[in-house]
Amino acid sequence: QVQLIESGGGIGQPGNSLRLSCVVSGFTFDMYAMGWFRQAPGKEREPVAAISKQGTFTYYRKSVKGRFTISRDNAKNTLYLQMDNMKPEDTATYYCAAKRFATNYDDQNEYAYWGRGTQVSVSS
């Protein structure tokens, strides 16, 4: 059974940091590229960051570049998202997702497996 379980969400103030984790099971982790997506209330889900199977390539949306860092530990079947200098506009539910092929990292339609999400709120 495929499972992607996110954790690490919470409430923070602007400028704070959070680290999200996504532990996966049920498929061969290092054969899948991984991504983080987010959906704010009343808005469409959008790509945040993605990483290739061995971690040699990363993608970031423009608004998080320089503040967020995606990484993975294939030995632990775990994906991470380090979020630094958070802003109120980062408030959303964050989802991790897995895709088989290393193309079009920002296209959510290409992701086969999804977690249920973890909530992040940034407010002063």
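Rounded to the nearest 0.05, what FRET efficiency do Glu110 and Gln13 have when you use their Cβ-Cβ distance and R0 = 41 Å?
Working: r = 35 Å, r/R0 = 0.85.
Taking R0 as 41 Å, the efficiency between Glu110 and Gln13 is 0.70.
Any idea of Lys87's accessible area? Nearest 10 Å², probe 1.4 Å.
80
Pull out the extension gain between Thr56 and Ser121, defined as 0.36 nm times the separation in residues minus the alpha carbon to alpha carbon distance; nm, one decimal. Could you put the intermediate results ahead of the total?
On the way: separation 65, 0.36 × 65 = 23.40 nm, distance 2.99 nm.
The Thr56-Ser121 span can extend by a further 20.4 nm.
With Kirkwood's inverse mean 1/r over C-alpha pairs for Rh, give me the Rg to Rh ratio of segment 22-124, two decimals please. Kindly include the intermediate steps, with their values, before the conclusion.
Numbers: Rg = 12.9 Å, Rh = 13.7 Å.
So for segment 22-124, dividing Rg by the Kirkwood Rh gives 0.94.
Mean projection of the alpha-carbon convex hull of segment 43-95 over all orientations, in nm²?
Working: hull surface 16.4 nm².
Seen from a random direction, the Cα hull of segment 43-95 projects 4.1 nm² on average.
For the chain, what is the relative contact order in percent, using Cα pairs closer than 8 Å and at least 6 residues apart in sequence? Please list the in-between numbers first.
Values: 307 pairs, mean separation 43.5, N = 124.
Once divided by the residue count of the chain, the mean separation gives 35 percent.
Taking only the alpha carbons of segment 1-82, what extent do you get along each of the three principal axes, in Å, biggest first?
The principal-axis extents, from largest down, are 36, 26, 24 Å.
The values are calculated or read from the model by the stated rules, or taken from the named source; none is laboratory data. Keep in mind that this is a model prediction, so the values were computed, not measured. Note that we place each Cβ from the backbone using ideal geometry, even for glycine, and neighbour counts take in every protein chain shown. These area figures cover heavy atoms from the full protein model, side chains too; ligands, DNA and RNA do not enter into them. Shrake-Rupley method; radii C 1.70, N 1.55, O 1.52, S 1.80 Å.
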